[in-house]
1. Please work out which residue is farthest from the chain's Cα centre (by Cα), limiting yourself to the stretch 108-122 and to residues that are in a loop (DSSP other than H, G, I, E, B) and more than 13 Å from GLY90 (Cα to Cα).
2. Is there any pair with a first residue in the stretch 146-165 that is among the β-branched types (Val, Ile, Thr) and a second that is at pLDDT 90 or above whose Cβ atoms are under 6 Å apart and which are 6 or more apart or on different chains, and what are they?
3. Check LEU113, LEU152, LEU158 and return the single one that is modelled with pLDDT under 85 and in contact with a helix residue (DSSP H, G or I) (Cβ under 9 Å, 6 or more places away or on another chain).
4. Considering (1) modelled with pLDDT of 85 or more; (2) surrounded by 16 or more Cβ atoms within 10 Å (Cβ to Cβ); (3) under 23 Å from ALA110 (Cα atoms); (4) not β-branched (Val, Ile, Thr), say which one SER93 fails and leave the rest.
5. Under 6 Å between Cβ atoms, which residue pairs at least 6 apart in sequence (or on different chains) link something in the stretch 113-132 that is assigned by TED's automatic domain parsing to the domain that holds THR150 and within 20 Å of GLU145 (Cα to Cα) with a partner that is of a type in the set (S, T, N, Q) and surrounded by 14 or more Cβ atoms within 10 Å (Cβ to Cβ)?
6. List pairs: first residue in the stretch 3-31 and touching a residue at least 12 places away in the same chain (Cβ under 8 Å), second residue assigned to a loop (DSSP other than H, G, I, E, B) and of a type in the set (Ser, Thr, Tyr) anywhere in the structure, Cβ distance under 6 angstrom, at least six positions apart or on different chains.
Amino acid sequence: MRNRKQRVELIVDLIRTQCISSQDELAELLAQNGYKVTQATLSRDLKLLKTTKVPTDGGKYMYILPDSNSLKDKLLSSGQMAMNANYQSGFVSLEISGNMAVIKTRNGYAAGLAYDIDICNPPEILGTIAGSDTIFAVLRPGISEPEARTVLGRLLPLEQKIPQF
């Protein structure tokens, strides 16, 4: 089992440091590191690690681990990756009232988008609360509506709204 433990540790390292979009790509990276695995073995390893595939900026997918140390989280929190208009956020609309921003998303997108806003940690936003298709973002005292739109415009694709059906 020593071999499996080392292989799983390598999979964790690869997923945390690279954007891997398929089992074939992961199998190739493992082979380059001396681990030739079958698709069935790789599937079991990914299931054991509870990996998830999430959309990337380019419309492709990448594996992430269930903890908050994914590559995307690291890039977002360090400011090396910005959420932009090409981001697959499911954003629908934004309304601001006082120090509260109400962000509407497609069903199921609110939690992920709220998480991405929180991990960016903009100083103008105290925090977010997400439902299934709505995010409440609390703005710091003294932030005007234009300032809030500017800040949220860096985090949301305000120009490319998705129509709600």
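1. First, pick out the residues of the stretch 108-122 that are in a loop (DSSP other than H, G, I, E, B): 108-109, 121-122.
Subsequent filtering for residues that are more than 13 Å from GLY90 (Cα to Cα) retains 121-122.
On the way: ASN121: 14, PRO122: 16 Å.
Result: PRO122.
2. VAL151/PRO122; VAL151/GLU124
3. Values: LEU113 fails: modelled with pLDDT under 85; LEU152 fails: modelled with pLDDT under 85.
Exactly one of LEU113, LEU152, LEU158 is modelled with pLDDT under 85 and in contact with a helix residue (DSSP H, G or I) (Cβ under 9 Å, 6 or more places away or on another chain), namely LEU158.
4. SER93 satisfies every listed condition except (2).
5. ALA114/THR128; ILE117/THR128; ASP118/THR128
6. ARG7/TYR35
The values are calculated or read from the model by the stated rules, or taken from the named source; none is laboratory data. It should be emphasised that the depicted structure is a prediction, and the values quoted were computed from it without experimental measurement. Glycine also receives a Cβ, built like all others from the backbone with ideal geometry; neighbour counts cover every protein chain displayed.
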